[in-house]
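Novice: Got a structure for you, written out below as structure tokens; questions coming shortly.
The values are calculated or read from the model by the stated rules, or taken from the named source; none is laboratory data. Everything numeric here is computed off the predicted structure, so don't read it as measured data.
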């Protein structure tokens, strides 16, 4: 398969990102957060997951449209 076929089949090679991400090592200090803060952060995470699911659904519809064209309805 060539790169275009791989891309169209949603298969990306390990080197698809041209930028190497350098993350400096840092010592992790234990952090204590109160329950209210943790619940707020959890709610933000849930909202982010819902947004990602919506985007994933939209992209799947676009891919279907791209593959099948206008006749798909």
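Novice: Looking at the stretch 1-45, which of its residues are outside any loop (DSSP other than H, G, I, E, B) and modelled with pLDDT of 80 or more?
Specialist: 35, 36, 37, 38, 39, 40, 41, 42, 43, 44, 45
Novice: Determine which single condition residue 67 fails, assuming it passes every other condition in (1) at pLDDT below 90; (2) over 17 Å from residue 8 (Cα atoms).
Specialist: (2)
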